[in-house]
Each structure stands twice: as C-alpha cells, then as structure tokens.
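A.B. asks: Quick one: the structure is below, questions incoming.
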Amino acid sequence: MRRREFISLLGGAAAAWPLAARAQQQPMPTIGFLSTASAASIAPFVNGFRRGLGAAGFAEGRNLAIEYRWADNRADRLPTLVADLVARRVAVIVTGGATAAALAAKAATSTIPIVFTIGADPVKVGLVDSMSRPSGNVTGASFLANDLVAKQLQLLQALLPPASVIGVLANQDNPNAASDAGRTQAAAAALRLQIHVVNVAAERDIDVAFDDLARARAAALLVFPDTLFIDVRRRLVEIAAARRLPAIYSNRLYVADGGLMCYGSSPIDAFREAGIYAGRILRGEKPSDLPVVQAVKFELVINLKTARALGLDLPPTLLALADEVIE
C-alpha cells in the first residue's frame with residue numbers, strides 16, 4: 001500500500017472511532033413499568049409484555065432498560081411510585097393490569113407517554129377521550145374484563161337451581177368496584193338471580209368474606225377482575241373447593257390453578273399489545289395517534305377435575321360451549 005493511501009486510511013479510521021464510541025456510550029431508553037400487583041402474581045402477563053417489545057424490536061438489557069415499580073396491592077403507594085418514575089425521566093410509562101395504576105400515571109404527568117392495560121372501559125374511567133383518537137399522552141389496551149358479568153352469571157346459572165344466590169367478591173379499593181356491582185345487579189335481575197356482594201380490601205379479609213357468603217347461602221361465586229384476587233388466586237381456589245362453592249373467574253390463571261371455570265379475554269394478549277405500543281412510541285410515534293386496542297376474542301375454560309371434586313354434573317351444552325376443558 002502506498003504511504004499516502006495508508007495515511008488517508010488511518011485518518012479516516014481515527015475519525016470514525018469517536019463516532020463509534022459515542023454510539024456505544026449513548027444511554028438506552030428506559031421504560032417505567034407500574035403495577036398495583038406484586039411481581040410474582042402477574043409474571044405471565046409481564047412475559048407477554050416483553051414479547052410485545054420484542055416484536056417491536058426491543059429487548060430488555062440489550063437496547064432497552066425497564067424500571068419496575070410494584071405496589072403489592074397497596075393502592076396508596078401508587079402516587080409515590082409513579083412520581084419516582086417521572087423524576088427519573090423515563091421515556092414511557094406502562095401500567096400493568098389495573099385502572100388505579102393507569103389513573104395514577106395520568107395524574108402524575110401530561111408529557112411522558114403512558115401505555116395502559118386495563119379490564120375496564122378507558123373512556124368511562126377518564127383515561128382517554130375516545131378509543132380511536134385517544135388524544136393527549138395516553139393510550140393502551142383494554143381486555144374488557146369488567147364488561148362480562150352478564151355472560152359469567154349466565155354460565156353459573158346453568159349449574160344452579162332457580163332463584164339461587166350468587167356471591168360476588170369485590171375489592172372495595174378498586175375504582176371500578178361500584179360500577180361493576182351495579183352492572184352485576186342489573187344482569188342478575190334480568191336472569192332472576194339474587195347476588196350478595198362482599199367487599200374486601202386485603203388478603204386478611206378473605207376468610208371473613210367466605211364466612212359472609214356462607215351466611216348468605218350463596219350457591220356459587222363470581223370473582224371480579226382485580227390484581228388483589230390474582231395475587232391470592234390459589235387461596236381463593238382452595239377455599240372455594242373446601243366450601244364446595246362453584247366459582248367463575250375472569251381469566252385462565254385461576255382455572256390453571258384449580259378454579260372451576262373462567263370466561264374472559266386474555267390479559268397476556270393485552271400486555272403484548274402494550275409492549276408493541278411502547279416500542280412504537282420509543283421509535284417516535286405519538287400515543288394520540290395509536291387507537292386503544294380492544295379484545296376481540298373471549299374464551300370459556302372449564303376445569304373438569306374440579307367439577308368432579310365439587311360433585312357437579314356439568315350440562316353437555318355448557319361443555320360444548322367451552323373453548324378448552326382441562327381434564
């Protein structure tokens with residue numbers, strides 16, 4: 001190689017080194033993940049969120065950092081947790097599975113993009129102006145769990161004598177508790193059923209709640225969607241089995257752990273959509289241009305082993321409706 005060509009090549013490489021070094025030193029974007037739940041209880045949902053990020057071209061630890069904040073079912077902690085994420089200037093805040101977390105994030109910032117996953121109607125709870133044009137800094141995915149009580153009551157009714165009392169387990173601290181109870185009361189009246197709502201605020205209230213249901217002679221149980229109940233789902237399933245109380249839940253995690261049946265959409269799919277949206281926002285898209293994703297697929301899952309343990313003879317028509325029967 002000629003001396004002049006060698007010097008020119010060396011100079012060009014030297015000029016490129018600082019650019020490469022600056023590229024390596026550029027910090028990765030950080031997502032703040034805020035949840036009312038505990039880390040262990042919604043781990044399958046968070047895995048869905050990570051898969052969504054992967055579909056958008058992001059991987060935690062490679063080109064993205066995630067700061068997790070868990071309220072451990074203490075809603076009063078949410079303002080402090082989200083304030084910390086705002087102070088850290090995260091690029092996006094993702095809220096996992098609870099209306100309270102999404103509302104806390106919206107109250108904390110009007111500039112940082114927010115991607116929610118909730119079971120409620122985001123327009124009714126005040127998160128967005130419309131589903132198609134959210135406006136502002138908020139968008140996300142709704143798995144519509146709170147709108148399914150009428151169908152869930154119908155499924156329970158298929159197992160019960162006429163005019164049965166159905167117990168309802170609600171978290172009194174959930175922003176949707178009152179509206180869910182009203183919706184359930186209206187649906188029960190249309191089906192000529194009675195409901196008995198029992199409110200809890202923490203795991204320590206569970207045993208007392210089941211005692212209350214026994215006094216009300218509840219013949220079955222409907223468990224409202226809530227991160228507290230997901231956290232204690234194994235205990236709920238065990239007590240319902242011990243008291244021989246048929247129960248219906250909002251997602252398949254309960255049925256996989258021995259619950260009788262569930263009817264609802266997949267929160268895992270909603271979390272995956274949230275991951276995709278978070279990735280798109282990191283690439284420059286605006287939340288206001290991303291319509292709220294709504295669940296379109298709903299599944300009925302029945303645990304046949306649990307039905308036998310409860311002494312239930314499930315109607316063939318109910319089994320025929322099931323998308324999956326766990327033997």
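The values are calculated or read from the model by the stated rules, or taken from the named source; none is laboratory data. Here the structure is a predicted model, which means the values were calculated and not measured. Neighbour counts are summed over all protein chains in view; Cβ atoms, including those assigned to glycine, are modelled from backbone coordinates with ideal geometry. Just so you know, the surface numbers come from the protein's heavy atoms only, side chains and all, with ligands and any DNA or RNA stripped out. Shrake-Rupley method; radii C 1.70, N 1.55, O 1.52, S 1.80 Å.
A.B. asks: Working only within the stretch 227-250, note down all residues that are touching an Asp or Glu at 6+ places or on another chain (Cβ under 9 Å) and in a loop (DSSP other than H, G, I, E, B).
C.D. replies: Listed by number, the residues that qualify are Val232, Ser250.
A.B. asks: Let me ask you something else. Which condition number in (1) open to solvent by less than 50 Å² (accessible area, probe 1.4 Å); (2) assigned to a helix (DSSP H, G or I); (3) in contact (Cβ under 8 Å) with a residue 40 or more places away in the chain; (4) closer than 26 Å to Gln172 by Cβ is the one that Gly52 fails?
C.D. replies: Failing condition for Gly52: (4).
A.B. asks: For the stretch 140-168, how many residues meet the condition of being part of a strand (DSSP E or B) and either touching a Ser or Thr at 6+ places or on another chain (Cβ under 7 Å) or among the aromatic types (Phe, Trp, Tyr) (or both)?
C.D. replies: Qualifying residue count, the stretch 140-168: 3.
A.B. asks: Return the residues of the stretch 251-270 that are among the hydroxyl-bearing types (Ser, Thr, Tyr) and either surrounded by fewer than 24 Cβ atoms within 10 Å (Cβ to Cβ) or part of a helix (DSSP H, G or I) (or both); say none if nothing qualifies.
C.D. replies: Tyr254, Ser265, Ser266
A.B. asks: Further question on the same structure: Tell me the residue from Ala108, Ala186, Ala141 that is open to solvent by 10 Å² or more (accessible area, probe 1.4 Å) and either out of contact with any Leu (no Cβ under 9 Å at 6 or more places or on another chain) or at positive phi (or both), please.
C.D. replies: Ala186
A.B. asks: Looking only at the stretch 215-226, how many residues end up being aliphatic (A, V, I, L, M) and part of a helix (DSSP H, G or I)?
C.D. replies: Here the count works out to 0.
A.B. asks: Still on this structure, I have one more. Within the stretch 271-305, how many residues turn out to be open to solvent by 30 Å² or more (accessible area, probe 1.4 Å), touching a residue at least 12 places away in the same chain (Cβ under 8 Å), over 26 Å from Asp323 (Cβ atoms) and in a loop (DSSP other than H, G, I, E, B)?
C.D. replies: Looking only at that region, the number is 3.
A.B. asks: For Val125, only one of the following conditions fails: (1) at pLDDT 95 or above; (2) part of a loop (DSSP other than H, G, I, E, B). What is its number?
C.D. replies: (1)
A.B. asks: What are the residues in the stretch 62-97 that are free of Cβ contacts under 8 Å to residues at least 60 places away in the same chain, more than 25 Å from Arg283 (Cβ to Cβ), of a type in the set (A, V, I, L, M) and part of a helix (DSSP H, G or I), if any?
C.D. replies: Leu78, Leu81, Ala83, listed by residue number.
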